[in-house]
Structures are given as structure tokens and as C-alpha cells.
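Visitor: One structure, pasted below without further comment.
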Amino acid sequence: MSLPGYNFAYLDEQTKRMIRRALLKAVAIPGYQVPFASREMPLAYGWGTGGMQVTAAVIGPDDVLKVIDQGADDTTNAVSIRRFFALTAGVRTTERTVEATIIQTRHRIPETPLTAGQILVYQVPQPEPLRKLEPRETETRRMHALAEYGLMHVKLYEDIARHGRITLSYDYPVLVNGRHVMAPSPIPSFDNPKMHRSPALQLFGAGREKRIYAVPPYTSVESLAFEDHPFHPWKANAPCGLCGATDSYLDEVVVDDRGGRLFVCSDTDHCTTRRAAGHRGAAAGHALAGAGE
Amino acid sequence: MYVAVKGGERAIAASHAVLAEARRGDPSVPVLGVDQIEQQLGHAVDRVMAEGALYDRTLAALAIKQAQGDLQEAAFLLRAYRTTLPRFCASLPIDTARMTIARRISATYKDLPGGQILGPTYDYTHRLLDPGLLDDAPVPPAPRAAEPADPAMPRVAALLDQEGLIRPESGDRDAEPPDLTRDPLTFPAARALRLQNLARGDEGFVLAMGYSTQRGYGGAHPFAGEVRYGTVAVEIAPEELGFAIEIGDIAVTECQMVNQFAGSRTEKPQFTRGYGLAFGHSERKAMGMALVDRALMSRELGQDVTAPAQDEEFVLSHSDNVEASGFVQHLKLPHYVDFQSELELIRRLRAEAEERVAEPNREAAE
């Protein structure tokens, strides 16, 4: 069932209780970064230790776990983390978004809309949205306490003055519940709107930086922008080569050394499900689709 | 080609297998025993115990073997094991004045109570490669002193204390010390927390930070008041017993730096101290730590904080090599989602810039 010599889901119960307390506080103050006593995990910092600790603290034997990295279930780190929980918690795992009760993710939100009761756990490298503007933790905590976000607005304004547009394309800052500016983790800004009033519980774990934060279900999440320069998410201007989807986020795959490009869904479950339903893109049958076709 | 970016279970399993093979090396060469590492690579074991923050020579040696001698990786292995251990009590503070001395030197006094004891050190060796070590040449026995070292071995800082020339240790002795492994690091950090952080900090980082204070980034004027290495007893006082019992000995290196200090608006001229302590025999680490400890006291002493080594957020946030190594190397993980966003953005910005250049030209032509 689980790994001999280790507790269910690796962490000891005291540690889980400490993390759950931090999670409760995080849910009570949406977007606020709660410091927590992050543990060393058997995976390296920066490889999802925060997300893993959050998952370990909320997972139970009846949960069904999905792990994605870059939207895909079969990327090396997603495989590694999924195997870790299969080994230490003995839980059922899945690649289907609709079947999962807990989805741990790095850099994407699934295309399939999440439902009430699902938990989305984000791996966060840098929880502080103001860090690139102010390196000092003592300063940024004060700025959050006073809701003093002028520095961020000046940065966005300077982008527009210099480049004619906001030059952030991922980890695009959001205002949560009208109060805290929050880093959505390095998801493409394309995914930001999915956070807004999502019926799912969204939990964020930053292991190395020792912070946990949360967006409870049905909470307002606005991407920062100006009235005359509204938020505009970007994606490649093409349909998916495999399933023909025009509304999904796409990976650009270099297929030869003569400038050949193929655009495919980053969310592998979304693409597979669509193809199973008979949708076909211009490059359907390409080797990229995997051995199944 | 797509297989290269999508890992898959089989590829990972194969990678583990080839790693195990690389670790073993040529099977015709005898396998390295953990006991050999523990006995003959003692400094590596010491460093891994210090940065792994766990005193266990056998486990440290095992970690070194498992990590193929990559000491940071070995420290990480030890940390990941340590974090799963229950903690049933805290020891009493170790008393380094009661150390069983293997080496003790002072650079501030020619002679002092207890004397100068050189012990095992590379300090006075010529760094010439010794071909004798290529073979298994027998080691002649080292001479031993006729009588044991003086058990009264007062620390140099205590001697200066008697004269009132050195600033007394700050901080509350009886207060429960903070625990870096059970509470997140917060700023401003108390000295006990800073020392905990430095004690498990990367030796190279701590050394470089300490070095920078000697080269003008932080204006230190240090003297190695004392460096001592030996074993000390670890004691615990179980509640039900009501008195302390010894549970074992550990080897530690301690450094007390004495720093000249001309005084500030709030403090009169006096010597100040910097403190370093490391598991095992690690003088470089203990000395670097003592320099950084003193630099980090600048704020309390009313000195201007101008250099990196004086900046506690900078030093304490970047000293941990398990954190640093993980985050630097996580760049190997796929980032193609974010990179794709950046590609789209750059293409768009370039297209707009080209349009802006083209427009005035058109106007000029008209």
C-alpha cells in the first residue's frame, strides 16, 4: 500500500498538521502568502517540493491523483511525482482531468473546466509577485500589508510606455479577492482567466521559499491591467495540428531544421480526448500523437 | 525527437539503471566500502554531516557513496532522510570549554593556559603530491605527548571577557532558541537563527562571504582568537530524570574571531566577536562562519550595512546549497509553456517595432 518505513504520503502526521494549518489560514485570506516550515523532500527544491508537500497534506486513500508538467502527464517530472505518490500513498492515479480529485500541476491549468470538489495544487518557484521589483522580503511583506501596489502598476505602465504593451507573458500577476496581488505561478497568461471564480479549490505551494497560499472556490481573480490597456492573453495563432482545437494553449514543436513548425495542444489529456471523439487536425497521424495512433 | 522531451516511465527507469552502473564503475576494481569512506575520507564525511545537518558518520559515508562523491548531493540525501526523523528531545548546550582537544591554536597569544596544540592539520604541509599514497605504504605511528592535554582549556574570548575588553555576547541565554528546521526563516533574524543558518550553509558560500569581509566589503579587522577541534559530550536532561545524562560524543570545530571595533554612535570602542561552529573537523567552514557572523552583527552594533556579507537577507537566503542547487538545476526541467509565451510576445513586439520604423519612412516618401 505505502512505502515501508515511511508514513502514508511520506510526511509524518505532525508535519501534515502544520501544513494543513497553513492551508486553512491561506484559504481564509485568499492570495496571502502564509509562511510555513517547509521540509526537505526527496526531490530537489525547484522540482515541485512545495506542491508535493501540499498534496501530501491533503491527499487521502480514496483520492485520485493527476500530475501534469507543461500540461502533459508524461513529462519526466510529472511521471516522477506521480510515481512518488503511487509509492508512498498507494493512491489511484489518472491522466484524465475529469476523473481526478487532486491535480498537481506545474506551469498549466487544464483546458477542461474544473469542477466543485476538485483541488488544483500548483508548484510555485517564486511566490512573491513583487520580488523582481523589490528583492527584500521585509519590504514586500510591508507592501502587501498596506496593499501598496504602486510599484507593480508603475512597472506595467513603463512596459506600455516603452513597448506599447505589457510585456509579461507568464506568471502574470493577479489581484485576488480585490485585496492581495498574487503570483499565479509560471502558467501562461492564457490560463489566468481560468482561475477567476473557479469552482475548484486552488492551492499553491512554494517549498524552497517556504510559502503557501490559496484561492478558495468562486473567488475573484483579476489579471492586473489598465482601463485603456486591458488584459490580453496570448497564444500561438494556429489550430492544434493533431486535434484541430482552436481554443487550447499550444506548444510549438520544431519538426525539421528548415523552419518547419507544428503546433500541438500543450494539454495532452485535452488533445487525446478530442481525438478520441473524432476531431482531427491538419497533421493528424503525425508521430507526435504517440504510439496509440 | 519528441521522445527526447517526453520522458515516460521506461526512460526514467533506464536512466536509474545507467546511473547505478556509472556509480559502480569498472567492476574489476574492488567496490568501495562505506567504512573506508568513513575512515579515509573523513573531511568529506564531516562536510556532508555539517551541510546535511545530521551527525551520523555512517549515514554520511553512505550518502557519499550513493552520490558518487558529490558532496552537495550527499548532503541533500542526508537532509531528506533527516526530515523524516521524529524529534523526541533537545540536548543541553554543548560546553566546548570541556572539549577533549585534538587541536587548539590561538593567533592572538603566543602562549596561553592549555598551550598551543597543533594536532592533525594541512596548515604546515607543503602541497606536493605524494606518490607514496599511490601504493599502500604503511603509516609510521605518530609521537604522543607524555602527559594528556590540560583539561583546563579556557577559551580566548573568556580571557578578554575578564578584562572587559570584548563585547559581551548578546541575546537571551535562557530563551528557547528558534528552530530553523521547524519554523520558516523570518527577517530580521535573531543571532541564534543566523548561526543555525550558517552552520548548515554551504562551505564555499560561507567561505566566500567571509573572504569578502577581509577584502573591504564589510570592513572587518579579524584575528583568529582561537580555533579548536575535538570531541564534546552531548547531554540530555529527560524530564522524568531531573538531571542530565550523556548520550555520546560528537566531534566539532569551533572558531572564535576577535574583531577590532572603533565604536559607533551607540557602542564604545571594544573588541567584538564572531562565532563559528561546524560538525567534525572543518576549520575553513568554522572560520568563514565566524567572519560572516560578525559581519551580520553590523546592524546591532550601529554600523552601516553596505556590503553583501552584512546583509542578512542576502546571506541567509542564499547560503543553503540544497535550496540553491535544486533551484539552479530545476532550469533543466521543461519550460516550453513559458518559453512559448515569450516567443509569441517577442515576435509580436518585433513586428510592432518594424511597423513603427516603416511608418515614418513612408511619410517621408510622400
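Visitor: Any residue at all in segment B:46-54 that is open to solvent by 70 Å² or more (accessible area, probe 1.4 Å), touching a residue at least 12 places away in the same chain (Cβ under 8 Å), in a helix (DSSP H, G or I) and not aromatic (Phe, Trp, Tyr)?
Guide: Initial filter on segment B:46-54 (open to solvent by 70 Å² or more (accessible area, probe 1.4 Å)): none.
Among the residues of segment B:46-54, not one is open to solvent by 70 Å² or more (accessible area, probe 1.4 Å), touching a residue at least 12 places away in the same chain (Cβ under 8 Å), in a helix (DSSP H, G or I) and not aromatic (Phe, Trp, Tyr), which makes the answer no.
Visitor: Moving on to the next point. When you look at A:Glu148, is it more than 13 Å from chain B (Cβ to nearest Cβ) and in a loop (DSSP other than H, G, I, E, B), yes or no?
Guide: Values: more than 13 Å from chain B (Cβ to nearest Cβ): yes; in a loop (DSSP other than H, G, I, E, B): yes.
So A:Glu148 fits the description; yes.
Visitor: For segment A:24-43: of the residues being open to solvent by less than 10 Å² (accessible area, probe 1.4 Å) and more than 11 Å from every other protein chain (Cβ to nearest Cβ), which is nearest to A:Ile81 (Cα to Cα)?
Guide: So, considering only residues that are open to solvent by less than 10 Å² (accessible area, probe 1.4 Å) and more than 11 Å from every other protein chain (Cβ to nearest Cβ), the one nearest to A:Ile81 (Cα to Cα) is A:Ala26.
Visitor: If I filter segment B:55-93 down to residues being in contact with a helix residue (DSSP H, G or I) (Cβ under 6 Å, 6 or more places away or on another chain) and under 21 Å from B:Ile236 (Cα atoms), which single residue comes out as surrounded by the most Cβ atoms within 10 Å (Cβ to Cβ)?
Guide: Looking at residues that are in contact with a helix residue (DSSP H, G or I) (Cβ under 6 Å, 6 or more places away or on another chain) and under 21 Å from B:Ile236 (Cα atoms), I get B:Arg57.
Visitor: Would you kindly identify the strands (runs of 3 or more DSSP E) lying entirely within segment A:205-290 that contain at least 1 residues that are buried (at least 21 other Cβ atoms within 10 Å of the Cβ) and over 23 Å from the mean Cα position of the chain (by Cα)?
Guide: The qualifying strands (runs of 3 or more DSSP E) are A:261-265.
Every residue, every condition in (1) free of Cβ contacts under 8 Å to residues at least 40 places away in the same chain; (2) more than 30 Å from A:Ala145 (Cβ to Cβ); (3) in contact with a strand residue (DSSP E or B) (Cβ under 6 Å, 6 or more places away or on another chain), yes or no:
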{"residue": "A:Arg20", "(1), (2), (3)": "yes, no, no"}
{"residue": "A:Leu24", "(1), (2), (3)": "yes, no, no"}
{"residue": "A:Pro30", "(1), (2), (3)": "no, no, yes"}
{"residue": "A:Val34", "(1), (2), (3)": "no, no, yes"}
{"residue": "A:Ser38", "(1), (2), (3)": "no, no, no"}
{"residue": "A:Gly48", "(1), (2), (3)": "no, no, yes"}
{"residue": "A:Gly51", "(1), (2), (3)": "no, no, yes"}
{"residue": "A:Val64", "(1), (2), (3)": "yes, yes, yes"}
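Visitor: Return the residues of segment B:87-100 that are more than 23 Å from B:Ala175 (Cα to Cα) and in a loop (DSSP other than H, G, I, E, B); say none if nothing qualifies.
Guide: The one that is more than 23 Å from B:Ala175 (Cα to Cα) and in a loop (DSSP other than H, G, I, E, B): B:Met99.
Visitor: Where the second residue is in a loop (DSSP other than H, G, I, E, B) and surrounded by fewer than 14 Cβ atoms within 10 Å (Cβ to Cβ) and the first is more than 14 Å from chain A (Cβ to nearest Cβ) and lies in segment B:172-196, which pairs have Cβ atoms under 6 Å and are six or more apart or on separate chains?
Guide: So the pair list comes out as B:Arg191/B:Gly171.
Visitor: Also: Exactly one of (1) without any contact (Cβ under 8 Å) to a residue 40 or more places away in the chain; (2) surrounded by 11 or more Cβ atoms within 10 Å (Cβ to Cβ); (3) of a type outside the set (D, E, K, R); (4) not in a helix (DSSP H, G or I) is unmet by B:Pro154. Its number?
Guide: The number of the failed condition is (1).
Visitor: Within segment B:317-352, take every residue that is among the hydroxyl-bearing types (Ser, Thr, Tyr) and at the interface with another protein chain (Cβ under 8 Å from one of its Cβ atoms) and give me the one that is least open to solvent (accessible area, probe 1.4 Å). Reasoning before the result, please.
Guide: Here is the first cut: in segment B:317-352, the ones among the hydroxyl-bearing types (Ser, Thr, Tyr) are B:317, B:319, B:325, B:336, B:341.
Among the residues that remain, those that are also at the interface with another protein chain (Cβ under 8 Å from one of its Cβ atoms) are: B:317, B:325, B:336, B:341.
Working: B:Ser317: 49, B:Ser325: 36, B:Tyr336: 57, B:Ser341: 6 Å².
The residue in question is B:Ser341.
Visitor: Among the aliphatic types (A, V, I, L, M), in the same structural domain as B:Glu203 (by TED's automatic domain parsing) and modelled with pLDDT under 95 - does that describe any residue in segment B:323-344?
Guide: Scanning segment B:323-344, I find no residue that is among the aliphatic types (A, V, I, L, M), in the same structural domain as B:Glu203 (by TED's automatic domain parsing) and modelled with pLDDT under 95, so the answer is no.
Visitor: Any idea which of A:Thr76, A:Thr105 is in contact with an Asp or Glu (Cβ under 9 Å, 6 or more places away or on another chain), assigned by TED's automatic domain parsing to the domain that holds A:Arg197, under 20 Å from B:Asp338 (Cα atoms) and without any contact (Cβ under 8 Å) to a residue 12 or more places away in the chain? Walk me through it before giving the result.
Guide: Values: A:Thr105 fails: without any contact (Cβ under 8 Å) to a residue 12 or more places away in the chain.
Within the list A:Thr76, A:Thr105, the selection yields A:Thr76.
Visitor: Kindly list, by first and then second residue, each pair from a residue in segment B:102-127 that is on the phi > 0 side of the Ramachandran plot to a residue that is in a loop (DSSP other than H, G, I, E, B) and open to solvent by less than 50 Å² (accessible area, probe 1.4 Å), limited to pairs with Cβ atoms under 6 Å and residues at least 6 apart or on different chains.
Guide: Close Cβ pairs satisfying both conditions: B:Gly114/B:Met153.
Visitor: Here's a follow-up. Does any residue in segment A:119-131 that is among the hydroxyl-bearing types (Ser, Thr, Tyr) come within less than 8 Å, Cβ to Cβ, of a residue that is surrounded by fewer than 22 Cβ atoms within 10 Å (Cβ to Cβ) six or more places away or on a different chain, and which pairs are these?
Guide: none
Visitor: Of a type outside the set (Phe, Trp, Tyr), at pLDDT 90 or above and either within 23 Å of the chain's Cα centre (by Cα) or over 27 Å from B:Val258 (Cβ atoms) (or both): does that describe B:Glu147?
Guide: Judged against the criteria, B:Glu147 is not a match.
Visitor: Of all residues in segment A:62-118 being within 14 Å of chain B (Cβ to nearest Cβ), surrounded by fewer than 18 Cβ atoms within 10 Å (Cβ to Cβ) and aliphatic (A, V, I, L, M), which is nearest to A:Leu203 (Cα to Cα)?
Guide: A:Ala86
Visitor: Which ones in segment A:234-266 are within 17 Å of A:Thr97 (Cα to Cα) and facing chain B (nearest Cβ under 10 Å)?
Guide: Scanning segment A:234-266 gives A:Tyr249, A:Ser266.
Listed here are the residues, each with its yes/no results for (1) part of a helix (DSSP H, G or I); (2) hydroxyl-bearing (Ser, Thr, Tyr); (3) in contact with a Lys or Arg (Cβ under 7 Å, 6 or more places away or on another chain).
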position: A:Met143; (1), (2), (3): yes, no, no
position: A:Val154; (1), (2), (3): yes, no, no
position: A:Arg165; (1), (2), (3): no, no, no
position: A:Leu168; (1), (2), (3): no, no, no
position: A:Tyr172; (1), (2), (3): no, yes, no
position: A:Val181; (1), (2), (3): no, no, no
position: A:Pro193; (1), (2), (3): yes, no, no
position: A:Pro199; (1), (2), (3): no, no, no
position: A:Gln202; (1), (2), (3): no, no, no
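The values are calculated or read from the model by the stated rules, or taken from the named source; none is laboratory data. All values derive from a computational prediction rather than experimental measurement. Ideal geometry is used to build each Cβ from the backbone, glycine not excepted, and the neighbour counts take in all protein chains shown. Side chains included, ligands, DNA and RNA excluded: accessible areas come from the protein's heavy atoms. Shrake-Rupley method; radii C 1.70, N 1.55, O 1.52, S 1.80 Å.
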